[in-house]
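Report on the following structure.
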Amino acid sequence: MFRNVRKASRFLYQPLGLSPLASMKEMDSASSISIKSTPEIEKTYVHRVYDAIAPHFSSTRFAKWPKVAAFLSSLPSGSLVLDAGCGNGKYLGFNPDCFFVGCDISPSLIKICADRGHEVLVADAVNLPYKTGFGDAAISIAVLHHLSTESRRIKAIEELVRAVRKGGLVLITVWAVEQEDKSLITKWTPLSAKYDEEEWIGPGSPRARTTSSLSLQSIPECEECSSGEHVDVLDDCATMKIQETEDLTDQDQHHSRDLKDNKNIENQQEYFVPWHLPYHRAEISGSSAQALANGLATRDDKKGAVVYNRYYHVFSEGELERLASGINNARVVDQFFDKSNWCIILEKIL
C-alpha cells in the first residue's frame, strides 16, 4: 500500500496534467483551446446546478451499480484507479485492494468527498490534472452526457485513455435515449437544435422548444396556417368536398402525425432534466434563494420543492462506441446496455 501511495503522489496535482510534448501540441491547436472552453450551457445548467443541489444529490447517491462494482472488483490488487466525475465519491475506495483518486467539476461535491477522507480535487473532464499513464484504470460514470458538444465528449474520452497506462482499462457509462421507463422522458424538456457544433442558438443559454415545434405534447386537431390563423374554406363546394373526405382521412392523418411526433422524440437527444430540491433541504436564504431570483430555479408548491434543470445529451445506440472508435490508442473490449445506460470498456493499446 505504501508503494501505491508513493506512486500515486508522483502523478497528482499537476497544473496542466500534460506532458511537454502534449502541451506544445495544444498550444498549436486553436480547436483544442475551444474544446476546453466551457460553454455557458454547462456552466449554468450543470456546474451551478450541482453546486446548488450537492447535499441533497449526495443523499440519494449511495447504491452501487452492479456492473460498475464488478468492474472495480475485477481489477488487480494494488491498482491505481481514477474516478473522473466522482460526484459524492460513492465508488472511491469500493475495492479495498486498490488505490483511488477522484475529481469532479463541482467544488461542493468535492468537499463532500474530502470530508469523507477521499483523495480528490476539482477538475474538468476535458482537462484532467493527471500525467499521462498515471493509473491502471479509470471510470467515468454518468458524466459525458453533461457535455454539450461532440468534440468535448470525444476529448473527455481521450483524457480518460491518456491518463491510464498501456493496457489500462476505462469504463464509461452514459444515459441512453432508449429509456426503459418511457414515462420518464415525458417529464423532461426537449431543447432546440444547435445551429453548429459549438454553440446553442441564441446568446449563452439554450432555448427550450416552443409550442410551434414538435414536442412531447400531442398535436392539436386543428391545422393552422403559417400566420397562426385557422384556415378558412372559401366556398360551400370546397367545404362539402372536404367534409366528404375528412372522415376517411382523419385517422390516417392523425396516425401520420403520431409517427412524425414519435420520430421526433426518438431523434431528440438534448434535454433539461429536472431536479426537485425539497423546501426543507433548500437553503432559502442562500443559493436557492439566489437561484430563484435569477431564474436558474423555479418553485413547485404542489411538490414543495425548488426545481432545477440539468442539461443532458442522452446517447443513442452505437453513439458512444462511435466516439471511442475514433481514438487511435484505444480499443473497445466490451459494450452493453444496463439500467437505461449505454456502457463501454476501453483498453489503452499504445
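Every read-out reported here was derived from the displayed coordinates using simple, explicitly stated rules and does not represent laboratory data. None of the values given here were measured: they were computed from a predicted structure. Glycine gets a Cβ as well: all are built from the backbone with ideal geometry, and neighbour counts include every protein chain shown.
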Sorted largest first, the Cα spans of segment 53-119 on the principal axes come out in Å as 35, 22, 17
Placing each pseudo-label 7 Å from Cα in the direction of the beta carbon, His280 and Glu150 end up separated by a distance in nanometres of 4.7 nm
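Rounded, prolate or oblate: which fits segment 32-144 when a ≥ b ≥ c are the square roots of the eigenvalues of the alpha-carbon gyration tensor, with rounded for a/c under 1.5 and prolate only if a/b beats b/c?
Numbers: a/c = 1.95, a/b = 1.31, b/c = 1.49.
Judged from the Cα gyration tensor, segment 32-144 comes out oblate (a/c at least 1.5, b/c at or above a/b).
Just list whichever of Lys131/Lys155; Lys67/Lys182; Lys90/Lys348; Lys67/Lys187 have alpha carbons separated by over 20 Å in the model shown. Write out the running numbers ahead of the final one.
Values: Lys131/Lys155 16 Å; Lys67/Lys182 22 Å; Lys90/Lys348 25 Å; Lys67/Lys187 27 Å.
In this structure, Lys67/Lys182; Lys90/Lys348; Lys67/Lys187 exceed 20 Å between Cα atoms.
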Stokes-Einstein D for segment 311-350 (4 °C, 1.567 mPa s, Kirkwood Rh from Cα pairs), in µm²/s, comes to 119 µm²/s
Once Glu321 and Ile349 are pulled to full extension, the length gained, defined as 0.36 nm per residue separation minus their Cα-Cα distance, is 8.5 nm
Long-range amide H partners of Gly93, meaning residues 5 or more apart or on another chain whose placed amide H is closer than 5 Å, are Phe100
For segment 94-183, the Cα-Cα pair-distance distribution in 10 Å bins from 0, as whole percents, is 15, 43, 32, 9, 0
